[in-house]
Amino acid sequence: MNKVLSLTTLIVGSTIISLSNKAIAADIAAGEQIFNANCAACHAGGNNAIITEKTLKKDVLEAYAMNSVDAITTQVTNGKGAMPAFGGRLEAEDIDNVANYVLSQAEQGW
């Protein structure tokens, strides 16, 4: 009985992980579109046209504790400093997609 339960758990877990990876890829593609339409004017190529030292590059995101989906989501939603809030303009799912896209691009070096 324990072997059957373990095998079932393994199969279900593998299926969930497989489906999650496909969902993440779709989210990143949607995030890229939203980024290009709303963020690229100031952040093309992961740069920052307004405050040049606050880029979206991996090391800078880490230095400013912006290297998580939650942190980026909060920043995009509420804005901060020169960055406007997008919470009233974009859906929560769109903001989450952008945050995932930004992190994936930072990992790849833009």
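Rule-based calculations on the coordinates, nothing more; no lab input. Only a predicted model underlies this, so the values are computations on that prediction, with no experimental measurement involved. Ideal geometry is used to build each Cβ from the backbone, glycine not excepted, and the neighbour counts take in all protein chains shown.
Among the residues of the range 53-110, the ones that are under 19 Å from Ala30 (Cα atoms) and in contact with a Phe, Trp or Tyr (Cβ under 8 Å, 6 or more places away or on another chain) come to 7 in all. Only one of Leu61, Leu103 is closer than 17 Å to Gln33 by Cα, free of Cβ contacts under 8 Å to residues at least 60 places away in the same chain and within 15 Å of the chain's Cα centre (by Cα); which? Only one candidate passes the filter, namely Leu103.
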